[in-house]
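One structure is given here, and the rest of the page talks about it.
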Amino acid sequence: MMSKNEDTVAINEVVLRDGFQNEPSFVPTEEKIRLSDRLSGTGVRRIEVSSFVSPKAIPNLRDAADVFRGIERTPGVLYTALVPNVRGAERALECAVDEVNLVMSIGERHNLANMRMTCDQSLAQFREIMNVVAGSGIFINGTIATAFGCPFEGRQPVERVLWAIDTYRDLGIEGITIADTIGMANPRQVGELTATILRHHADLPLTLHLHNTRDMGLANALAAYDAGMRSFDSALGGIGGCPYAPGATGNVCTEDLVHMFHNCGIDTGVNLPALLELSGELTATLGHGVPGYIVKAGTSDRVYA
Ligand code: COA
Ligand code: ZN
């Protein structure tokens, strides 16, 4: 989580949560732990390790507690978990997470499909969660999902995003992620919304969560950077997606995002060769290829004999 005045971009790795939640088969707990431990040494700022949601809703992440208990914690890396309700927050506390990531879609109908709650019901849960985590020292992040568009309601007004940010901050939520849950955003929209948010909330630790559903992920990331965004969610290999959003596909790909930033002279503090090695191994773990480009093409300084 960084302010817009810092030059280094923070990379938040979400493959273990957003990535694996949408896989056709369960990724074994030991594989998840191994991947988290290896990602911890790559220079990513934050790792979303899992989610404490209903195992019926997301069977692939039913082992969240075991994963949290199995991983090594590298100092300087934040280990976070997605939490939808009070029950999830209690489970996260038991696992001594560094951060909880509360999620609500501002598209009311997507929130109903995904969380089985109205926005009011989600906010009521958040209010109770604030009491549950009070005094624990856990950082509280809040994600505003479908911020750029809802699969059932279309484009969301900027005013609704600003309303959600004000509401989250009034509740005591410390950091905010705006999410393009199904990749509906375009670079102009992302640049303008980022600039608008930072104009109203210059002090806010703000993160952008992009999906590459329509191949605008990297363009959106650069537009956001130019508007002052300095923290990005991304998934190794570019896998992921919300199982309750029709048409959802993978997150913006971590190694492609890091490669782009480094090519543009923007520091991320991330070791790209190490990421590419992990991405190569991910294909074997999953038993299928991944959407990322750089793991296939090599970096842009590659020359052929
Ligand atoms: N962790 C584990 N189990 C939970 C839970 C949590 N945070 N919250 C609820 N449950 C369990 C309940 O105990 C109950 O179990 P039972 O059927 O064995 O009695 C069951 O889930 C249903 O509980 P209920 O409170 O009625 O929830 P619901 O069916 O209205 O679902 C959510 C609400 C939020 C729990 C569910 O929609 C969910 O987990 N959604 C997350 C979706 C997601 O992660 N999407 C992708 C990321 S954006
Ligand atoms: Zn996502």
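Quick notes on this one:
- One residue alone among L35, L61 is of a type in the set (A, V, I, L, M), within 16 Å of ligand 2 (Cβ to nearest atom) and in contact (Cβ under 8 Å) with a residue 40 or more places away in the chain, and that residue is L61.
- Region 12-45: number of residues that are closer than 20 Å to T177 by Cβ and in a helix (DSSP H, G or I): 9
- Meets criteria (in contact with a helix residue (DSSP H, G or I) (Cβ under 7 Å, 6 or more places away or on another chain), more than 14 Å from ligand 2 (Cβ to nearest atom) and not acidic (D, E)) for L206: yes
- Screening region 13-28 for residues that are open to solvent by 10 Å² or more (accessible area, probe 1.4 Å) and within 12 Å of ligand 2 (Cβ to nearest atom) and picking the one that is nearest to G269 (Cα to Cα) gives R17.
- The set of residues in region 29-42 that are crowded, with 21+ Cβ neighbours inside 10 Å and within 24 Å of H259 (Cβ to Cβ) comprises L35, S36, L39, T42.
- Flag for T207 being within 15 Å of ligand 1 (Cβ to nearest atom), of a type outside the set (G, A, S), in contact (Cβ under 8 Å) with a residue 60 or more places away in the chain and over 21 Å from G154 (Cβ atoms): yes
- Residue match in region 129-142 (condition: open to solvent by less than 40 Å² (accessible area, probe 1.4 Å), under 23 Å from A202 (Cα atoms) and within 13 Å of ligand 1 (Cβ to nearest atom)): yes
- Scanning region 162-206 for residues that are in a loop (DSSP other than H, G, I, E, B), among the small types (G, A, S), more than 16 Å from the chain's Cα centre (by Cα) and farther than 20 Å from S122 by Cα turns up just one, A202.
- Any hit, region 29-43, residues being within 14 Å of ligand 1 (Cβ to nearest atom) and modelled with pLDDT of 95 or more: no
- Selection count, region 295-304, where residues are open to solvent by 60 Å² or more (accessible area, probe 1.4 Å) and farther than 25 Å from R34 by Cα: 5
- For region 202-249, the set of residues classified as among the charged types (D, E, K, R) and touching a strand residue (DSSP E or B) at 6+ places or on another chain (Cβ under 7 Å) consists of R230, D233, listed by residue number.
The values are calculated or read from the model by the stated rules, or taken from the named source; none is laboratory data. Bear in mind the structure is a predicted one, so any value in this text is a computation, not a measurement. We place every Cβ from the backbone using ideal geometry, glycine too, and count neighbours over all the protein chains shown. For the accessible areas, the whole protein counts, side chains as well, though only heavy atoms, and no ligand, DNA or RNA atoms are used. Shrake-Rupley method; radii C 1.70, N 1.55, O 1.52, S 1.80 Å.
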